[in-house]
Each structure stands twice: as C-alpha cells, then as structure tokens.
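Reviewing the structure listed below.
Where a number appears in this text, it was derived from the coordinates with a stated rule and is not lab data. Since the structure is predicted, the reported quantities are computational estimates derived from the model, not experimental observations. Quick reminder, even Gly has a Cβ in these numbers, built from the backbone with ideal geometry, and neighbours come from all protein chains shown.
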Amino acid sequence: MGLFGLFSSSEEDKRATEIRTGAVAPTRAERQKCWAARDAYFACLDANGIMDALKEDKKAAQSCGRESAGFEKDCAAQWVTYFKKWRVQDIQKKARLKELEAQGAHKMDLQTDFKTQR
Amino acid sequence: MPPPVTTARAVAYALSRVTPRHGARQLSTTRSAQGKRLAAAPTARLQFQQHKPLLQRRSYKTVEEAKSRYRSGPFSWKAGLLFVITAAGLVWYFQSEKERMKRKRIAEATKGVGRPKVGGPFELIDQNGNKVTDKDLQGRYSLVYFGFTHCPDICPDELDKMARMFDLVEEQRPGTLLPVFVTCDPARDGPKELKEYLVEFHPKFIGLTGTYEQIKDMCKAYRVYFSTPSAVKPGQDYLVDHSIYFYLMDPEGDFVEALGRQHSPDQAAKIILDHMKDWKGSLKTS
C-alpha cells in the first residue's frame with residue numbers, strides 16, 4: 001500500500017466517520033450500503049430470536065457481533081438506534097395486525113383526502 | 001200504525017235508495033250510446049280515407065310473415081343496439097360527471113370563506129441560493145413535500161416516488177407541475193446540502209430552505225408537524241419527526257389534495273392529471 005492508497009483510505013475513513021457522526025448526509029449509494037448492513041444485522045437478530053436489540057444488547061452483541069459492527073460502521077449512529085427501535089415497532093405492528101386479522105378484522109386502505117362525509 | 005209523516009219519510013228513503021241507482025244506470029247507458037255514436041262517425045270517415053294508403057304500405061307477402069312481425073313488435077336488433085349504446089353512453093357520462101364533481105368538491109373544499117387554509121405566502125431560498133416566494137410557484141400546480149436530508153428511510157423512499165410521479169405527469173403535461181422539497185431541518189440543510197441531496201432524486205426538484213423561523217412559519221402554513229429535538233449541541237446528530245404527505249397545490253396557491261403513502265406513483269399521477277384537466281384558469285407550461 002503506497003502513499004496514495006493510504007491517503008485515499010484516510011479520505012474514505014473521514015467520510016465514513018462524518019456519516020457515522022451525522023456531520024454529513026449520506027448519498028444514495030451510502031444509504032443503500034447502510035440499508036444492506038441493517039438488513040444483514042436484522043436477519044441475524046431474526047435467526048437468534050432477538051426482538052429488541054437495545055434491551056437485549058448483551059445477547060445481540062454475543063450472537064450478532066460481526067453484523068452489528070458492519071451496521072454501526074456503515075450507518076449514522078442515530079440511524080442505528082432509529083432502525084433498532086423501528087424494528088421493535090414493526091414486529092409489534094405485524095403481530096397486532098395478525099391478531100386482528102385472526103379476530104376477523106378487515107384490512108382497509110387509509111383515506112386521507114379531506115372528502116366531505118355525507 | 002205509524003203517523004203519516006213517518007211513512008212519507010220512509011217511502012222517500014226507500015225511493016232515494018232505489019231511484020238514483022236506477023237513474024244512474026239509465027244515464028250511463030244513454031251517455032255510452034251517445035259516445036259510441038260520436039266516436040263511430042269520425043272513425044268510419046278515417047277508415048274510408050285511409051283505406052288505400054294502408055293497403056299500399058303493406059310489405060309482407062304471407063299471413064305468417066305478418067304475424068311474426070306483429071309478434072316481434074317494435075323490438076328489432078337496431079332498436080336493441082340503440083338502447084344498449086344509449087344506456088352505456090349515459091352510464092359513462094354520469095360516472096365521469098360524478099367523478100369530476102367529486103374532484104371539484106375536493107379541490108374547492110379549500111376555496112372561499114370559512115375553509116381550512118393550507119399553504120400561503122412564504123419567502124425561502126432554493127438550492128442555488130435564489131430567493132423563492134409563493135408567487136414563483138403560481139401559474140402551475142405544485143407538489144410540496146417536507147423532509148430532511150438526514151432522513152433514514154421514509155423520505156428517500158418518498159422522494160423516489162415523487163420523482164416517478166413527476167415524470168409521469170411530465171410525460172402528459174410537460175412543465176405544468178413543480179416538484180418542491182422543503183426541509184424541516186434548516187440548521188443542517190443549507191442550499192449546498194439540498195443541491196447534493198436532491199440531484200440524486202431528480203434534477204428538476206426544487207429544494208427550499210431558510211432560517212429556522214421561516215421554516216417554522218412555512219410548516220405552520222402547510223399544517224406540517226415537525227419536531228427537532230430540543231437542546232441539540234452543535235455537531236450533534238439528530239433525527240426530525242415530520243408529516244409525510246405530498247401537498248398538491250393549484251396554480252393559485254390553494255391546497256387541492258394530500259397524497260399519502262397509500263397512493264402508488266401511478267395513482268398519484270392520475271389524481272394530479274385529473275385535477276389539471278378540471279382546471280379552468282390559465283396554466284403555464286414552460
């Protein structure tokens with residue numbers, strides 16, 4: 001690795017650090033990289049039956065240490081927390097919907113235009 | 001023996017019960033006879049007059065043919081076709097009118113007095129640093145979306161959707177729709193950041209930013225909820241909570257309809273194009 005390689009890798013590191021700290025907004029490619037790392041991490045959590053990665057952080061670190069490191073490397077720290085919380089809510093939402101469907105509830109599309117009700 | 005007065009009354013009663021009926025029968029007979037006589041005279045004359053033309057118009061050859069024509073009556077395949085076409089035309093007309101009225105109701109719900117007012121005057125700067133006011137958006141429809149560049153997942157998805165929606169409308173009515181992105185995070189999203197961010201979605205997107213006060217007023221005018229976490233230290237990362245609707249505004253700057261996550265780009269583009277079709281005023285195209 002020459003001087004140029006060292007320089008460019010430090011540039012990359014700088015950019016990655018900026019993204020992690022939220023100093024810059026990620027580009028489309030960087031977002032996609034982050035989402036891929038997130039999906040890999042969530043797949044690991046699924047496989048290990050972990051729902052809340054924030055509450056069960058020790059178990060999560062033990063089972064999905066490698067994926068977690070990738071997730072935290074490619075995403076802003078804020079995003080990592082956000083996605084972890086989002087996953088819990090999403091699981092709960094899906095479970096609740098399933099429960100409601102089992103009770104015979106009908107799925108309906110939300111109407112959001114300000115139609116006058118008659 | 002009853003007194004004579006009573007007898008007379010009884011007889012009169014008996015008569016009244018019998019005579020009118022009898023009289024009526026007589027009357028009706030006379031009237032119908034007269035009626036017959038009156039009606040018969042002109043008919044006879046008419047028959048006499050029309051005797052020849054009726055014979056000439058006859059086009060059937062056999063009695064069977066005449067009978068079959070009589071049985072089918074006024075119903076022929078031509079009449080049936082006319083009926084079906086008319087019915088289909090009427091159904092189509094009423095349905096399209098009904099939908100047009102529905103859209104009109106939505107579009108006019110915010111016009112006039114006593115209506116909720118969404119939108120209004122503003123003064124912000126775009127991603128090139130130029131001043132943009134509500135006047136610059138007038139004359140065209142605009143699709144306004146609020147977000148921020150550090151948004152983790154929903155805004156990028158929605159902005160991609162907005163780009164597809166915009167392209168679909170551009171194909172049909174080029175230059176009639178302005179895609180506008182307003183940041184809810186003016187502290188971090190300056191013109192430079194907006195420019196870098198938006199160009200990846202669509203080169204024609206207009207990004208608006210301003211001071212915190214200006215953005216707060218803008219969000220208030222559009223009834224957009226947003227919350228920046230309080231007590232943010234400089235350089236600290238945070239996320240912004242905000243409403244995620246596309247606001248369709250008409251060429252006069254009045255709110256038309258909110259498009260949400262449940263609309264696909266095709267559905268949303270159709271809604272926008274339909275509203276454009278209804279628009280009676282002038283519409284800039286370039």
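List of remarks:
- Look at (1) within 14 Å of another protein chain (Cβ to nearest Cβ); (2) loosely packed, with under 15 Cβ neighbours inside 10 Å and you find that A:CYS34 fails only one, number (2).
- Across segment A:80-103, the number of residues qualifying as more than 19 Å from A:CYS34 (Cα to Cα) and assigned to a helix (DSSP H, G or I) comes to 13.
- Annotation note: Cβ proximity below 6 Å between a residue of segment B:260-285 that is farther than 15 Å from B:GLU99 by Cβ and a residue that is among the acidic types (Asp, Glu) (sequence gap 6+ or interchain) occurs for B:GLN262/A:ASP109.
- Residue within segment B:208-221 that is more than 14 Å from every other protein chain (Cβ to nearest Cβ), without any contact (Cβ under 8 Å) to a residue 60 or more places away in the chain, in a loop (DSSP other than H, G, I, E, B) and touching a strand residue (DSSP E or B) at 6+ places or on another chain (Cβ under 8 Å) present: no
- So B:LEU248, is it surrounded by 17 or more Cβ atoms within 10 Å (Cβ to Cβ) and either in a helix (DSSP H, G or I) or within 14 Å of chain A (Cβ to nearest Cβ) (or both): yes
- Qualifying residue in segment A:55-75 (condition: in contact with a Gly (Cβ under 6 Å, 6 or more places away or on another chain) and closer than 25 Å to B:THR149 by Cα): no
- Matching option when the condition is away from chain A (no Cβ under 14 Å), out of contact with any Asp or Glu (no Cβ under 9 Å at 6 or more places or on another chain) and surrounded by fewer than 18 Cβ atoms within 10 Å (Cβ to Cβ), among B:GLU123, B:GLU97: B:GLU97
- Criterion applied to B:PHE181, B:PHE166 was being in contact with a Leu (Cβ under 7 Å, 6 or more places away or on another chain) and within 14 Å of chain A (Cβ to nearest Cβ), and the one residue passing it is B:PHE181.
- For B:PHE205, the conditions (1) crowded, with 22+ Cβ neighbours inside 10 Å; (2) under 26 Å from A:PHE71 (Cα atoms); (3) among the aromatic types (Phe, Trp, Tyr) all hold with the exception of (2).
- Of all the listed residues (A:LYS58, A:LYS14, A:LYS73), the sole one being under 15 Å from the mean Cα position of the chain (by Cα) and either surrounded by 19 or more Cβ atoms within 10 Å (Cβ to Cβ) or more than 12 Å from chain B (Cβ to nearest Cβ) (or both) is A:LYS73.
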